[in-house]
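*Asks:* Below is the structure I would like to discuss, written out as structure tokens.
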Amino acid sequence: MIELEGGDPDIRRARVDDVGAVARLAQSVAIAGADGRDHPKGFLIPYSEQEYEDYARRADFFEVLRLQGTLRGFVLAHSAAMSAAFGGEVYEHIGATHPGAHLVVRQICVDPACAGSGFGRALYEAVFERARRAQPPLGSALCFIWEQPANEASAHFHAATGWRRVEGYSLREGSGRVGIWQRDLALR
Ligand SMILES: CC(C)(COP(=O)(O)OP(=O)(O)OC[C@H]1O[C@@H](n2cnc3c(N)ncnc32)[C@H](O)[C@@H]1OP(=O)(O)O)[C@@H](O)C(=O)NCCC(=O)NCCS
């Protein structure tokens, strides 16, 4: 991680009183239009504040990163056992094709003003360490990355942090295509 003014960031479990800041950060990187090329630092499709609140209450691996008290990033993940409770077409596909205990990453997001500071990597290291210590321990993580529209920043970031693309999945009704990516948590 680069040297930062203001010291090291603090990573801890997300709380309900974080969700306003989480939702605002997610909105700031929301995809606008159908072209991922408008988003050189990556994009996502935000959840509503109510949905983030539900995740803060129930998702077992939802972490926030704060620098000097300001929220600068988050990773929203849960064990595969919780996928059905939260739903989503791609997550249903992942659950059907990857049985067994694993970590499901729904969103990772870093404030664009802090991109390239090592915060995304630090969030993953924190959540992976917790997943390794879970009972039962989680041996791998899965996520998806948009390919149509393409989130090239995310693909580069995930390749740099030990993930590999394992398959493609086309959404029903022609609403895009994603790559499914996997991370072996035994890798450090
Ligand atoms: C993608 C994202 C999470 C990266 O976070 P970050 O804090 O900037 O990443 P880090 O600084 O921890 O970088 C870790 C590694 O990824 C690489 N990386 C990160 N962003 C990259 C980019 N846009 N292009 C190429 N490589 C990138 C870094 O070079 C670094 O590699 P290194 O350690 O080998 O030098 C962040 O830019 C983001 O939140 N984007 C918007 C939302 C999004 O796309 N989320 C992912 C949805 S699947």
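*Asks:* Out of all Cα-Cα pairs in segment 146-188, roughly what percent, to the nearest whole number, are more than 16 Å apart? The partial results should precede the final answer.
*Replies:* Numbers: 360 of 903 pairs.
For segment 146-188, the fraction of Cα-Cα distances above 16 Å is 40 percent.
*Asks:* Next up: Report the full-extension gain for the segment GLU152 to GLU167: residue separation times 0.36 nm, less the Cα-Cα distance, to one decimal in nm. List each step's numbers first, then the result.
*Replies:* On the way: separation 15, 0.36 × 15 = 5.40 nm, distance 1.62 nm.
Roughly 3.8 nm would be gained on extension.
*Asks:* Quick one: what are the phi-derived ³J(HN,Hα) couplings along segment 96-105, Karplus 6.51/-1.76/1.60 with θ = phi - 60°, whole Hz, x for glycine and proline?
*Replies:* Using θ = phi - 60°, the values come out as 6, 9, 10, x, x, 6, 8, 8, 10, 9 Hz.
*Asks:* Calculated from DSSP H runs of 4 or more alone, at -39500 (n - 2.57) each and per residue, what is the 222 nm mean residue ellipticity of the chain, nearest 500? It would help to have the intermediate numbers written out before the result.
*Replies:* Values: 6 runs with 57 residues, N = 188.
Computed mean residue ellipticity for the chain: -8500 deg cm²/dmol.
*Asks:* How big is the charge dipole of the chain about its Cα centre, in debye rounded to the nearest 20, if each Lys and Arg gets +1 on its Cβ and each Asp and Glu gets -1 on its Cβ?
*Replies:* Details: 21 positive and 24 negative charges, 91 e Å.
Around 440 debye, computed over the chain.
*Asks:* Mind grabbing the base-10 log of I(q)/I(0) for the chain at q = 0.13, 0.16 Å⁻¹? Debye formula, identical points on the C-alpha positions, no solvent, two decimal places.
*Replies:* -0.64, -1.03
Readers should treat all values here as calculations from the given coordinates under stated rules, not as data from a laboratory. Please read these numbers as outputs of a predicted model, since none were measured by experiment. Glycine gets a Cβ as well: all are built from the backbone with ideal geometry, and neighbour counts include every protein chain shown.
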